[in-house]
Amino acid sequence: MARQYTLHRSSQVHASGIDYKTALNEEQYAAVSSPPGRALVIAGAGSGKTRTLTYRVAWLLDHQVDAREILLLTFTNKASREMVERVRELVPHDTSALWAGTFHSIGSRILRRHAEDLGFTKSYSILDRDDQKSILNSVIASLDIDTKQRRFPKADVLASIFSLMENTGVALTEIIASRYDQFYDWLEKIEEVRLGYIAKKLATNSMDFDDLLVLTVRLFEQQPDVLQLYQGRFKHVLVDEYQDTNSVQGRMIDLLAGERNSLMAVGDDAQSIYSWRGADMSLILGFPLRYPGSKVHIIETNYRSVPEILDLSNAAISANRGRFEKDLRSSREAQGTLPALVALPDPSTQAAFVAQRILELRDEGIPLEEMAVLYRAHFQSLEIQMELTVRGIPFAITSGLRFFEQAHIKDVSAFMRFVVNRRDEISFLRMVGLLPGCGPGTAAKLWAEWLKSGWSERVEVPPKWSDLFLKFKIPKKTAKHWEQLCYTLDELTPDGALAHPSQMIFSILEGVYADYLTASFDNAESRRADIEQLSQYGGNFDDVLEFLAQLSLMSSTDGEPSGERAAKDDEKVTLSSIHQAKGLEWKAVFLIWLVNGQFPNGRILEADDADMLEEERRLFYVALTRAKDELYLTYPMMNPKSYTGDIICRPSQFLEDFPAEMVEEWNVGNDDPWADDEPF
Ligand SMILES: Nc1ncnc2c1ncn2[C@@H]1O[C@H](COP(=O)(O)OP(=O)(O)OP(=O)(O)O)[C@@H](O)[C@H]1O
């Protein structure tokens, strides 16, 4: 009888040498190794979404997929950087042709190549919120709206309204009626401002963040050949944080996936927390219907939290109805202590409790950078900040201006933006506005002279700025500085070519900006150091267009944790809003201000809208699931700072969503001999 002999196919051994079955759990492996097609991966909190996506990319590369056929869309720039880095560590393949980034950065990359088709040039500027506001204000001024008679929405509010429109596809009338009905009588004028804003963006060759998405989709819809080009390239589209995509992003994905391409969307419906910015949860819930025949993978093993914390989180979210059923299990051993529920007399005692506990935990061996204080809104961190400062406990706050949004960084980039995009009025005005004696009136006149010269419309850079600019009419006080500016601009474009980004920054600093810094800021030295750092960063780019795009994208408000997050070797407690804690984890988490009206937020309670309340509960769930080992839920019983005088606080209704046995109540006393026996 013939001998049975089994042949081990060499394809089992991957170029990367990764043993996928060992590196992943069964659920993760099923998703990572799934055949080409449409797949939705519902991965619970702490279940390894990053691992699943990075191994999926490695798997594709190991299975003869070319890196250039992969598109990885992420929610933040940081996430995309980390994932690409992780893939590089995993596989020997060349991954440089892989496209990874946020929707905005991928949109910008595509638009850069096809801007002419949409009436822009490839050197278009990207507007941030500040720039948007300047344009909107100038449009409002030009329309002669009588804002004194009745309150007209401020530029910031208008920018939010227009953005919501673009991101949701909902008509202006409807948005005003449902969310801003106090401005309903202004509807016509608001529409005029909107049209004026669009026209001004086109005239100044500028796009805002929403345009990066909307125009990409428009390009795909209006030009089938362009769409085919990208569909033909990206055979594998992977999307992270799918629960927070909005309808335009959803459409962009659908278009790229087309009829045939593989699509893997990874997300957790229970963590969808951006509907206020247009995220559309129906995209994730409706995926199986939109993609008939798609496979749904559910990953339910949580590696992060001890069972006590996870059970509480599961119970807390179970009150929500609109969700995929899942049963998240902890892979960790029970530790025998329950999450703490701590009622404190008032906000300052709450702060004292948190600070004291932080010090005790540090003594027990948890480093400060493994602890976080989370809250619904930034102002709720005030007392904590004061208390930590008094006790000398270092902390980092994830709020405030990002590096790239600071005035001095924007000033320097205004020079670069203008020489690159000579129709960029905002940058021109910002740049000349830095010169002594040059107020808004003079700046506007200079801009008019510039337009009159005809050079703003020409493709080529003027061979010598000084030849042109020195003919302009300049106030006496400004003349010397204007001359200096001209020579600096000449240095930015030697012989009509754009200089290297680092060289440009150096010239701007030495030519014009250093003087301005010392004359304007008492911390000129540290600002100068920032600019030098920017110049160093510029060394990573050969192309100034790429550099400027990256700069704008980094200062986006796309949910990126801003400010400094405590680096690993930097011993600091993190103070963060829950939104900005998305995707992060700490050994000990303090969730403060669990009071009705604060969390859930008062506006949401007033609106009495079930969907909004569910989103608020998901936010609560996100906060709970950030904790690995210790979780403290705290609230003040009295709020002495309220406008109405002292008010008694009602504990958050979310605390009623789980059985009392799941937490341990702490009674906090006082060792002050002068205090009453009772805590208050
Ligand atoms: N198969 C695995 N074996 C061991 N540890 C794992 C495995 N998969 C993931 N982990 C670990 O689990 C933790 C959580 O992973 P990750 O941060 O990717 O979760 P997540 O799904 O993005 O969570 P969230 O959505 O709550 O932010 C990480 O520390 C990760 O290293």
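The values are calculated or read from the model by the stated rules, or taken from the named source; none is laboratory data. Quick caveat, the model's predicted, so the values are computed rather than measured. Positions of Cβ are backbone-derived with ideal geometry, glycine not excepted, and every protein chain shown enters the neighbour counts. To get the accessible areas, we keep the full protein, side chains included, count just its heavy atoms, and leave off ligands, DNA and RNA. Shrake-Rupley method; radii C 1.70, N 1.55, O 1.52, S 1.80 Å.
Among the candidates V91, V84, single out the residue that is in contact with a helix residue (DSSP H, G or I) (Cβ under 9 Å, 6 or more places away or on another chain), over 22 Å from L553 (Cα atoms) and among the aliphatic types (A, V, I, L, M).
V91
Can you pull out the helices (runs of 4 or more DSSP H) entirely within the range 462-546 that have at least 1 residues that are more than 25 Å from T442 (Cβ to Cβ)?
501-508, 524-538
Based on this model, can you work out whether V266 counts as within 13 Å of the ligand (Cβ to nearest atom), outside any helix (DSSP H, G or I), modelled with pLDDT of 95 or more and of a type outside the set (D, E, K, R)?
Judged against the criteria, V266 is a match.
Being more than 12 Å from A316 (Cβ to Cβ), in contact (Cβ under 8 Å) with a residue 24 or more places away in the chain, of a type in the set (D, E) and not in a strand (DSSP E or B) is the requirement here; does E615 meet it?
yes
Out of all the residues in the range 282-301, which are open to solvent by 70 Å² or more (accessible area, probe 1.4 Å) and either within 16 Å of the ligand (Cβ to nearest atom) or under 16 Å from T52 (Cβ atoms) (or both)?
Of everything in the range 282-301, just one residue is open to solvent by 70 Å² or more (accessible area, probe 1.4 Å) and either within 16 Å of the ligand (Cβ to nearest atom) or under 16 Å from T52 (Cβ atoms) (or both), namely K295.
Can you tell me which residue within the range 163-199, out of those that are under 17 Å from L136 (Cα atoms) and out of contact with any helix residue (DSSP H, G or I) (no Cβ under 7 Å at 6 or more places or on another chain), is surrounded by the fewest Cβ atoms within 10 Å (Cβ to Cβ)?
Here the residue is E188.
Taking the range 37-79 as the search range and keeping residues that are assigned to a helix (DSSP H, G or I) and open to solvent by 30 Å² or more (accessible area, probe 1.4 Å), which one is nearest to V622 (Cα to Cα)?
If we take residues in the range 37-79 being assigned to a helix (DSSP H, G or I) and open to solvent by 30 Å² or more (accessible area, probe 1.4 Å), then K49 is nearest to V622 (Cα to Cα).
Under the condition of being within 14 Å of the ligand (Cβ to nearest atom) and assigned to a loop (DSSP other than H, G, I, E, B), which residue from the range 566-579 is modelled with the highest pLDDT?
I578
Could you tell me whether the range 321-343 includes any residue that is within 16 Å of the ligand (Cβ to nearest atom), open to solvent by less than 70 Å² (accessible area, probe 1.4 Å) and closer than 26 Å to R603 by Cα?
yes
Cβ-Cβ below 7 Å, separation at least six or inter-chain, first residue in the range 15-36 and open to solvent by less than 20 Å² (accessible area, probe 1.4 Å) and within 9 Å of the ligand (Cβ to nearest atom), second assigned to a loop (DSSP other than H, G, I, E, B) and at pLDDT below 95: which pairs?
Listed pairs, sorted by first residue: Q28/G48.
Please state which one of R88, R56 is within 16 Å of the ligand (Cβ to nearest atom) and within 25 Å of L24 (Cβ to Cβ).
So the residue among R88, R56 that is within 16 Å of the ligand (Cβ to nearest atom) and within 25 Å of L24 (Cβ to Cβ) is R56.
Take the range 232-262 and flag every residue that is of a type outside the set (S, T, N, Q), part of a strand (DSSP E or B) and surrounded by fewer than 24 Cβ atoms within 10 Å (Cβ to Cβ).
Answer for the range 232-262, where residues must be of a type outside the set (S, T, N, Q), part of a strand (DSSP E or B) and surrounded by fewer than 24 Cβ atoms within 10 Å (Cβ to Cβ): just H236.
Test S318 against the stated conditions and say whether it is surrounded by fewer than 20 Cβ atoms within 10 Å (Cβ to Cβ) and of a type in the set (G, A, S).
It is true that S318 is surrounded by fewer than 20 Cβ atoms within 10 Å (Cβ to Cβ) and of a type in the set (G, A, S).
Which members of the range 580-604 meet the condition of being within 13 Å of the ligand (Cβ to nearest atom), outside any loop (DSSP other than H, G, I, E, B) and at pLDDT below 90?
Q580
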